[in-house]
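The structure under discussion appears below in the form of structure tokens.
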Amino acid sequence: MTSGQIRESYIKFFEGRGHIKIEPAPLVLENDPTTLFTSAGMQPLIPYLKGEPHPKGKRLVDIQPSLRLQDIEEVGDASHTTFFEMLGNWSLGDYFKKEQLSWCWEFFTKELGLEAERLYVSVFEGTKEVPKDTESAEVWKSLGVPEERIFYYGVDKNWWSRSGTPEAMPEGEIGGPDSEVFFEFEDVKHDKKFGEECHPNCQCGRFMEIGNSVFIQYEKKEDGTLSELPQKNVDFGGGLERMAAVVNGYSDVFLTDVYEPAIKAIEKKTGVDYASSEENAIDFRVIADHL
Ligand code: GLY
């Protein structure tokens with residue numbers, strides 16, 4: 001499947017489930033001084049996630065070019081890029097966990113045809129303020145994900161806001177617990193440099209995160225606590241380049257058709273093969289990402 005086919009299939013899948021396609025926002029948002037660049041599909045939708053009615057309704061879908069400079073030091077490995085296209089679907093106070101996780105599973109296993117046995121999921125383990133997300137775990141189990149492929153993580157991994165953990169969220173920022181899907185590359189061996197045991201959030205390259213369903217239902221208050229938003233939202237974000245990698249059996253996003261022209265151009269200019277060594281590959285990825 002090409003990246004173009006994935007884009008088309010995602011939009012069609014969610015349009016078929018009552019979503020309206022919206023136009024992506026520019027990379028530099030007008031009237032939003034909070035970040036230099038649009039860093040997620042949810043960013044232009046913040047007023048609507050907070051409760052303002054969206055003119056196109058409660059179910060939206062789009063593909064948002066996003067730039068995350070906070071990831072710049074990670075660029076050079078096989079999965080991180082600063083720029084990417086985020087496939088996104090939203091429920092603005094409409095459907096919630098059951099529908100979202102079921103559709104997410106259906107999209108990955110049926111539309112993209114990923115082998116269910118290679119998919120792992122994570123859910124939020126809870127804090128004093130926010131309960132453990134047993135509801136999402138139950139939905140995953142009902143879809144056939146066995147208990148041993150469901151992992152619980154805390155605020156560092158399974159909480160999403162633009163600023164990270166609840167503690168780091170400034171007043172007025174919205175966020176919530178999330179549930180991620182990971183693809184396992186059986187042929188990539190665990191590297192103990194990244195920890196004794198491998199697990200879905202390990203950075204050794206055996207697992208690649210391909211989608212994140214965020215349940216945006218909290219807003220940070222002035223006194224540092226979280227308050228419930230007037231509505232429970234779904235904010236799904238999945239990287240197109242990563243989906244294009246896993247669907248074609250690549251554990252490296254720079255092997256996809258998205259990056260092929262840049263990689264080929266660098267090979268031509270330098271006379272060096274991308275695959276000649278891991279050291280060269282790192283340089284290629286940095287240049288390709290920055291291009
Ligand atoms: N907004 C969800 C994500 O960026 O993962």
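Given 35, 81, which one is outside any strand (DSSP E or B), within 14 Å of the ligand (Cβ to nearest atom) and open to solvent by 40 Å² or more (accessible area, probe 1.4 Å)?
After applying the criteria, what remains is 35.
Working only within segment 224-240, note down all residues that are in contact with a strand residue (DSSP E or B) (Cβ under 6 Å, 6 or more places away or on another chain) and either of a type in the set (Ser, Thr, Tyr) or surrounded by fewer than 21 Cβ atoms within 10 Å (Cβ to Cβ) (or both). 226, 227, 229 - these are the residues of segment 224-240 that are in contact with a strand residue (DSSP E or B) (Cβ under 6 Å, 6 or more places away or on another chain) and either of a type in the set (Ser, Thr, Tyr) or surrounded by fewer than 21 Cβ atoms within 10 Å (Cβ to Cβ) (or both). Apart from one condition, residue 62 fits all of (1) farther than 30 Å from residue 280 by Cβ; (2) among the charged types (D, E, K, R); (3) open to solvent by 30 Å² or more (accessible area, probe 1.4 Å); (4) outside any loop (DSSP other than H, G, I, E, B); the exception is (3). Residues in segment 139-156 include none that are within 16 Å of the ligand (Cβ to nearest atom), surrounded by 15 or more Cβ atoms within 10 Å (Cβ to Cβ) and closer than 22 Å to residue 103 by Cα.
When each of 257, 235 is tested for being assigned to a loop (DSSP other than H, G, I, E, B), among the acidic types (Asp, Glu) and either more than 16 Å from the ligand (Cβ to nearest atom) or touching a residue at least 60 places away in the same chain (Cβ under 8 Å) (or both), the lone residue that passes is 257.
In the set (1) away from the ligand (no atom under 16 Å from the Cβ); (2) surrounded by 14 or more Cβ atoms within 10 Å (Cβ to Cβ), residue 177 fails one condition alone, (1). Checking every residue in segment 76-94 against the condition of being modelled with pLDDT of 95 or more, over 26 Å from residue 252 (Cα atoms) and touching a Pro at 6+ places or on another chain (Cβ under 7 Å) gives zero matches.
Would you confirm whether or not segment 61-76 contains a residue that is closer than 17 Å to residue 240 by Cβ, in contact with a Gly (Cβ under 7 Å, 6 or more places away or on another chain), more than 14 Å from the ligand (Cβ to nearest atom) and touching a residue at least 12 places away in the same chain (Cβ under 8 Å)? Checked against the condition, which is being closer than 17 Å to residue 240 by Cβ, in contact with a Gly (Cβ under 7 Å, 6 or more places away or on another chain), more than 14 Å from the ligand (Cβ to nearest atom) and touching a residue at least 12 places away in the same chain (Cβ under 8 Å), segment 61-76 yields no hits at all.
The values are calculated or read from the model by the stated rules, or taken from the named source; none is laboratory data. Here the structure is a predicted model, which is why all the values come from computation and not from measurement. Every residue, glycine as well, gets a Cβ built from its backbone with ideal geometry; the counts of neighbours run over all protein chains shown. Side chains are part of the model used for accessible areas, which takes the heavy atoms of the whole protein and leaves out ligands, DNA and RNA. Shrake-Rupley method; radii C 1.70, N 1.55, O 1.52, S 1.80 Å.
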